[in-house]
Amino acid sequence: MKVVLDTSALFGLEQVPPDWDAYVTEGVLAELEKYNDRRSENLLHTIKVSQATSASLSKVREAAKGTGDASRLSRTDTEVLALALELKAAVAT
C-alpha cells in the first residue's frame, strides 16, 4: 500500500509497516531536523523521499482555497497532500 507520511506520523512510528510503500517529502525531513528528531535516520532505509510536481501542488492549493483551508495548510502539508494525490496514496498523520 502506498502511503505518504507527514511529520506527525514519523513522530509516532518506531518502524514502517512492511506492507507500506512509504514516502516523505523534503519538507517533512526538514521539519524533523528542525526539531532535532533523529527518527528519520532509523527509518530512511524503508522510506522513499520524493517531491510532488508543480501541477499537483497547484491542484491542492486550488482545492484548499475552495474548502477554505488554504490558510491552515503549511507548505509541508501542501507537499504531502500533493504527493499523495500524484501517487494515489493514502496519507498517514
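Structure values in brief
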read-out: The chain: most fluctuating residue of LEU83, LEU32, LEU73 per GNM, C-alpha cutoff 10 Å; value: LEU73
read-out: Of (i) 28; (ii) 20; (iii) 17, the label for percent of Cα pairs over 23 Å apart derived from the coordinates; value: (ii)
read-out: Distance in nm between pseudo-label sites at HIS45 and SER58 (7 Å out along the Cβ direction from Cα); value: 4.1
read-out: Relative contact order [Cα under 8 Å, 6+ residues apart], the chain, whole percent; value: 43
read-out: Phi to ³J(HN,Hα) by Karplus 6.51 cos²θ - 1.76 cosθ + 1.60 over region 80-87, Hz, x for Gly, Pro; value: 4, 5, 5, 5, 4, 4, 4, 7
read-out: Average accessible area per residue (Å²) across region 1-76 - probe 1.4 Å, nucleic acids and ligands excluded; value: 64
read-out: Backbone HN-Hα couplings from phi across region 15-25 [Karplus 6.51/-1.76/1.60, Hz, Gly and Pro as x]; value: 8, 7, x, x, 8, 8, 9, 8, 10, 9, 9
read-out: Heavy-atom accessible surface of region 8-93: percent carbon and sulfur, 1.4 Å; value: 49
read-out: Loop-located GluC sites (Glu not before Pro) in the chain whose Cβ has at most 11 other Cβ within 10 Å (DSSP); value: GLU14
read-out: Of LYS34/LYS59; LYS59/LYS88; LYS2/LYS34, those spanning more than 20 Å from alpha-carbon to alpha-carbon; value: LYS34/LYS59; LYS2/LYS34
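The values are calculated or read from the model by the stated rules, or taken from the named source; none is laboratory data. These figures come from a predicted structure and were not determined experimentally. Quick reminder, even Gly has a Cβ in these numbers, built from the backbone with ideal geometry, and neighbours come from all protein chains shown. Note: areas computed on protein heavy atoms with side chains; ligands, DNA, RNA excluded. Shrake-Rupley method; radii C 1.70, N 1.55, O 1.52, S 1.80 Å.
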